[in-house]
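Notes follow once the structure below has been shown.
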Amino acid sequence: MPGTLNMPVVPQIRDCGEAPLIEMRSIVKTFKNAAGEFTALRGVTACFYEGEFVSIVGKSGSGKSTLANMITGIDHPTSGQVLIGGVDIHKMNESDMSLWRGRNLGIVFQFFQLMPTLTLLENVILPMYLTGYLDAAGREKRARELLALVGLAGFEDKLPAAVSGGQQQCAAIARALANDPPILIADEPTGNLDSRTADDVFAIFSGLMEAGKTILMVTHDAGLARRTSRTLLLSDGELINPWVAACFPELPHSQMLWLSHHLQERSLDEPRRLDGSTCGLWLFTGGTVQAHLNGTSQARPVTLQPGHFLSALELQAAGAQLILSPNGDGPASALHLDGDAFRKWLQEAPDARRTLQQAARRQYGGEQAGILQRGDQP
Amino acid sequence: MLRKRLFSDTTAAVSSERSPTSRSSTADQTGDVLIRLRGVVKRYQAAAGSGAPPFTALHGIDLDVQRGEFVAVIGKSGAGKTTLINMITGVDHVSEGEVWVDGQPLHRMSENQLCQWRGRRLGIIYQSFYLMPSLTLLQNVMLPMDLCGLYRNGSSEKRAMELLDMVELAEHAHKLPNAISGGQQQRVAIARALANDPPIIVADEPTGRLDSNTAEAIFQIFTRLVDEGKTILMVTHDRSIASRVSRTVRIADGRIISSTDAEA
């Protein structure tokens, strides 16, 4: 299509059913410049499902924006694949990509980038005009509805400079929704807003999720991230295992990453006897598990559920043994760090012991935390 | 034209007649003066109920800019520089006085007329680029041509590539704005501002977000455009740049306090 901006109406992503809507497979991204090479993403594998509102968090430089850029096609991976609705987007050429993006992705950035000489209404109509979506009356009607949705009814004919930053960001969200894309990608959408305005923008995203949109939001605002349906934590270009991040939020990210690398998946289908040297660290991820303290037959078993953990610290102190068994209704799954690796971790990570104690207090409640104390209760 | 298109059933591809650019007969009244402000006052009302008096951003500005001039407007933050720019682009309206740009009486024109005129006769460059994030660089530069229908299908892409080549970004034509640096984005914004070959370019702090080397490259592009016959009015707080233009206008508290031609 030389010489035209026109994008014919391209099919939108088909219904994925149970399959992931977005699938990232072993994404590596290396940037080269005069100073050498920098690897921003080191083999990221992740799935996003229809209707999820996922936050992507991590420190500055951890690779958050690069990850978002892999999904929007702003940048291309050095290796690996991104499948969206089953389509390998990085195999498309630039012009197919731009058609596809126009219909399937809404993109919102930290800086609003509305066209300064167009009114808010015209800014929202523009993407529909560019893709040939709807007829003229339909475009204007939809643009007015979208502006009303983001709280800008009555501001349709204002130029961007005449409204606040928060209102400009809301208009940018309305513009991102113009072509009714199933997926919305937002890179620090509240990064330039005060906290109250950020809350308003977040409420719009929540409403969109309830309306069935799939939303990925890069943010450094931990408070907002907690309110999404799921959080991905990046450290140094790698995803931290979400069970680790949820169970030990106090750990430095480098420690979380070390645990993510060394924990191994285990299936618990029959009882296991553990003592202080073999127990190591367990993070339970599926089914429920009963922990019986051996030799204290009077003690009540403790039930451990997904998200709970068990560490050798609690057994070593008492020189006790413990039997871990699945809770009748089928095998349980867990992540396990074996005894040797656990001791190594305790020796090398100064905060590990204190973090485990904190996490135990959270898990069992109260100061006398730990499975022994818990189990000894009448 | 732009408004008509956005609100019509056409999509971007529909070709349109190349209509001649209208230069009204009033142009003769101003001769080779491309921008003329007479007694321009701009007052902003305080927020309703605050009881505060209106704020006067511009107190009776008189200014003439001749064809081919490169004028820098400098002044402190809050001096009224951006308000002045908004009067000349017609993005905001005068409270009193007259604004003539390229022979058009902006103070008497409707939003629709302003929008049509602006798209064809004015190139505007902002501090924060304002590229459409979901369009490639090439598409961003094609957009004004497409909206104004000044270049027929086929020629707009060719022209957009030439403009990207001029700002040394042709090899990045198919990238999205967020894939390139801020300095590169500003060069794309310049290419876009030139899309419809406007005689006048207005730039509001075009180097305000750029490091000094990148700012220098932008400044050199402006200098070249002036050599080719464009008229440029640029707001800046960079005094070193201000010393290298053909005229420097200093503004303070909404008043012009000096207008100095460069030493020959």
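Below are the figures for this structure:
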read-out: Any hit, region A:175-192, residues being outside any loop (DSSP other than H, G, I, E, B), closer than 23 Å to A:Gly73 by Cα, of a type outside the set (Asp, Glu) and touching a Lys or Arg at 6+ places or on another chain (Cβ under 6 Å); value: yes
read-out: Among the residues listed as A:Ser325, A:Ser267, A:Ser260, the single one being modelled with pLDDT of 90 or more, buried (at least 16 other Cβ atoms within 10 Å of the Cβ) and not assigned by TED's automatic domain parsing to the domain that holds A:Ser235; value: A:Ser260
read-out: Yes/no for A:Phe202 being in contact with a helix residue (DSSP H, G or I) (Cβ under 6 Å, 6 or more places away or on another chain) and over 24 Å from B:Leu131 (Cα atoms); value: yes
read-out: Tally of residues being crowded, with 23+ Cβ neighbours inside 10 Å and farther than 16 Å from A:Ala176 by Cα across region B:127-139; value: 3
read-out: Residue tally, condition in a strand (DSSP E or B) and surrounded by 19 or more Cβ atoms within 10 Å (Cβ to Cβ), over region A:47-56; value: 5
read-out: Condition check for A:Val124: buried (at least 22 other Cβ atoms within 10 Å of the Cβ), of a type outside the set (Lys, Arg) and within 14 Å of chain B (Cβ to nearest Cβ); value: yes
read-out: Tabulated pairs, region A:217-230, first assigned by TED's automatic domain parsing to the domain that holds A:Ile56, second of a type in the set (Lys, Arg) and assigned to a loop (DSSP other than H, G, I, E, B), C-beta under 9 angstrom, 6+ apart or interchain; value: A:His220/A:Lys59
read-out: Any hit, region B:215-233, residues being of a type in the set (Phe, Trp, Tyr), without any contact (Cβ under 8 Å) to a residue 60 or more places away in the chain and within 15 Å of B:Gln186 (Cα to Cα); value: yes
read-out: Whichever residue in region A:108-117 is in contact with a Lys or Arg (Cβ under 9 Å, 6 or more places away or on another chain) and at the interface with chain B (Cβ under 8 Å from one of its Cβ atoms) and, among such residues, is nearest to B:Leu6 (Cα to Cα); value: A:Thr117
read-out: Residue check, B:Trp117 more than 8 Å from chain A (Cβ to nearest Cβ) and either without any contact (Cβ under 8 Å) to a residue 60 or more places away in the chain or in contact with a His (Cβ under 8 Å, 6 or more places away or on another chain) (or both); value: yes
read-out: Enumeration of residues in region A:50-64 that are in contact (Cβ under 8 Å) with a residue 40 or more places away in the chain, out of contact with any Gly (no Cβ under 7 Å at 6 or more places or on another chain) and over 20 Å from A:Asn241 (Cβ atoms); value: A:Glu50, A:Phe53, A:Ser60
read-out: Filter result (more than 17 Å from the chain's Cα centre (by Cα) and over 25 Å from B:Thr83 (Cβ atoms)) within region B:229-243; value: none
read-out: Matching option when the condition is more than 10 Å from chain A (Cβ to nearest Cβ) and of a type in the set (Ser, Thr, Tyr), among B:Ser134, B:Ser110, B:Ser156, B:Ser128; value: B:Ser110
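The values are calculated or read from the model by the stated rules, or taken from the named source; none is laboratory data. None of the values given here were measured: they were computed from a predicted structure. Virtual Cβ from ideal backbone geometry, glycine too; neighbours counted across all protein chains shown.
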